[in-house]
Structure formats: C-alpha cells, structure tokens
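Note sheet for the following structure.
The values are calculated or read from the model by the stated rules, or taken from the named source; none is laboratory data. Please read all numbers here as calculations on a predicted model, not as lab measurements. With ideal geometry, Cβ positions are generated from the backbone for all residues, glycine too; neighbour counts draw on all protein chains shown.
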Amino acid sequence: MIKIKELSKVYLTPSQKITALDNVSLTVEKGEIFGIIGLSGAGKSTLIRCINMLEKPTMGSIVVDGQEITSLAKRELRTARQKIGMIFQHFNLLSSRTVFANVMFPLEIAKVPRPEAARRARELLELVGLADKEGAFPSQLSGGQKQRVGIARALANGPKLLLSDEATSALDPQTTRSILKLLRDINRKFNLTILLITHDMNVIKEICDRVAVIDNSHIVEVGEVLKVFASP
Ligand code: ADP
Ligand code: ADP
C-alpha cells in the first residue's frame, strides 16, 4: 500500500540546513496497522506530511496504492489525496459547523451529490457511535467524541489509507483505549491500512502489527511489534 524508497527531506532555513529525513526506506502492506515511533524532532511528522503530499521530499520516491506521488501536479494531487484520510492530535474540526456538517465537508469538496453524501455521513456517524450527536457543535463534545468525528470525516471519501498523527496524544488513557479499539475495528471491517505516528509505546503495543523506530531522521529498526519490543 505504501512503498517509500530512499526518501530524504532537507529544510532550508535562512540560517541552516535541517535534515529531517535521511535516506528512509519503508514498506507498509495492505490491511496493516503500522506504527512509527520516535522522540520529538525525530522526523515523524515530516514523514507523514510527505506521504500526505503536504510536504515535497528533497529526494526519493513514495508510491501509495500503486501511484508515485512525489511528482504530481496540483490537479492530480487533489485526486490522489482523496485516497488518504488523516486524523490529528487536536482533531482539526471546523468549530462553526455541526458534527454532521464536519463529516459532510470532504464529501462536498469531492462533489458527491447531497443525498448520497448525507446518507454516507449518517452511516459513518453511526459507525463511530455518534449518531445522536449529529446536530452538536465540536465545543459541546468531549475529546474522545471529537476524535470520533475526526475519524468519521477521515473515512468520508472511502480512503485506501488512514494516516494518524498522534491522534490519541491529547486524550486520557481510557479514552485512548476506546479510540484505538475503534481504529482496530475499522481496520478489520474495511481491511483499511493505517499508518500512525506516536511517541507513546503503549499505542504501538495496543494496536500495531509492525513498527518502525525513527531516531534523528533515520529508521533504526523495523519489525513485528512483539519482536521489536520483546521483554528481556
Ligand atoms: P517529529 O514529528 O518526530 O517531532 P518533525 O518531523 O516535526 O519530527 O521534525 C524533524 C526535524 O525537522 C526537527 O529538527 C524539526 O525542527 C525540523 N523541522 C520540521 N518542520 C520544519 C520546517 N517546516 N522548517 C524547518 N525545520 C523543520
Ligand atoms: P468519551 O469517552 O467519548 O470521550 P466522555 O466520557 O469524556 O466521552 O464524556 C461522557 C459524556 O459527557 C459524553 O456523552 C458527553 O455527551 C458529555 N460531555 C463531555 N464533555 C461535554 C461538554 N463540553 N458539553 C456537554 N457534554 C459533554
């Protein structure tokens, strides 16, 4: 589902060159929940932003669902992005829109006809357990509920890949577990590939099949979670 080859990203600032990713190669299989763990500043966000086409790599290639994405023109980017859903640490909901309208948003951008879009939005809110909250505004929801809306929105256009950027880092342990369980259920139900970045080992142990450890812009270890984090 994702094939990354010899990826590098160098940020040029007025005063220095910062190498955020240095010759990173990685393959994520279809249907996998793959975790990337590393300390702050290791390069996790840069990697996920490259996969989501928000950042252009300096060198290397990224193939998502059979398509090379590092050299797409603007118009092709929009179509390619619809294959990818993303959830965020701070949810990134639109505060002036209701829960229902937040989930409708990506469907409107994709120009899905209104009745079909509304049906799909309601189906997704049912799936994430928020059918009774469709008229609420984000400020009326708990953190866990906001992330459930974020998940419903990310799934709206039927993505092939779900990217998660520290999606549970702002949540308490119990809410974290319920969100991770939801992600696991969605992974199984749709055979949806999930790539998540986190600094929290518990998240990796709870739902990931495989993990890559990133340190100082390098991947230093990749493997099955039980092998990489085997107790001595
Ligand atoms: P992580 O997500 O693991 O915390 P990041 O990918 O955010 O790591 O950062 C990796 C390195 O790249 C850090 O040294 C960070 O300061 C630098 N960096 C990230 N984004 C930018 C940017 N837009 N401009 C310059 N440097 C950046
Ligand atoms: P979750 O596990 O989904 O995060 P919580 O256990 O935090 O949910 O919240 C429990 C209940 O409290 C929810 O059903 C929600 O309706 C209600 N609630 C939480 N925050 C607010 C708020 N700011 N305004 C109104 N109701 C709230």
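For the reader, a short list of remarks on this structure follows.
- Residues of the range 169-186 classified as of a type outside the set (S, T, Y) and touching a Ser or Thr at 6+ places or on another chain (Cβ under 8 Å), total: 3
- Annotation note: of F88, F100, F137, the sole residue that is within 14 Å of ligand 2 (Cβ to nearest atom) and among the aromatic types (F, W, Y) is F137.
- Of all residues making up the range 58-87, the number that are touching a residue at least 40 places away in the same chain (Cβ under 8 Å), out of contact with any Ser or Thr (no Cβ under 8 Å at 6 or more places or on another chain) and either closer than 14 Å to L124 by Cβ or among the hydrophobic types (A, V, I, L, M, F, W, C) (or both): 4
- Out of A154, A131, sole residue that is aliphatic (A, V, I, L, M), away from ligand 1 (no atom under 16 Å from the Cβ) and farther than 26 Å from V225 by Cβ: A131
- Some residue of the range 165-177 being away from ligand 2 (no atom under 16 Å from the Cβ) and small (G, A, S): no
- Boolean, T175 is polar (S, T, N, Q), at pLDDT 95 or above and more than 28 Å from L7 (Cβ to Cβ): yes
- Residue tally, condition among the hydroxyl-bearing types (S, T, Y) and either over 19 Å from G144 (Cβ atoms) or over 22 Å from the mean Cα position of the chain (by Cα) (or both), over the range 87-129: 2
- Of all residues assigned to the range 181-193, at least one qualifies as being among the aliphatic types (A, V, I, L, M), surrounded by fewer than 21 Cβ atoms within 10 Å (Cβ to Cβ), within 12 Å of ligand 2 (Cβ to nearest atom) and within 18 Å of F91 (Cβ to Cβ).
- Of residues in the range 156-180 being small (G, A, S), surrounded by 18 or more Cβ atoms within 10 Å (Cβ to Cβ) and part of a loop (DSSP other than H, G, I, E, B), the one nearest to the chain's Cα centre (by Cα): A167
- Given (1) in contact with a strand residue (DSSP E or B) (Cβ under 8 Å, 6 or more places away or on another chain); (2) touching a residue at least 60 places away in the same chain (Cβ under 8 Å), index of the condition S40 fails: (1)
- Matching residues in the range 112-143 - criterion: being assigned to a loop (DSSP other than H, G, I, E, B), among the hydrophobic types (A, V, I, L, M, F, W, C) and surrounded by fewer than 18 Cβ atoms within 10 Å (Cβ to Cβ): A136, F137
- The test for being of a type in the set (A, V, I, L, M, F, W, C), in contact with a strand residue (DSSP E or B) (Cβ under 9 Å, 6 or more places away or on another chain) and at pLDDT 95 or above does not hold for A80.
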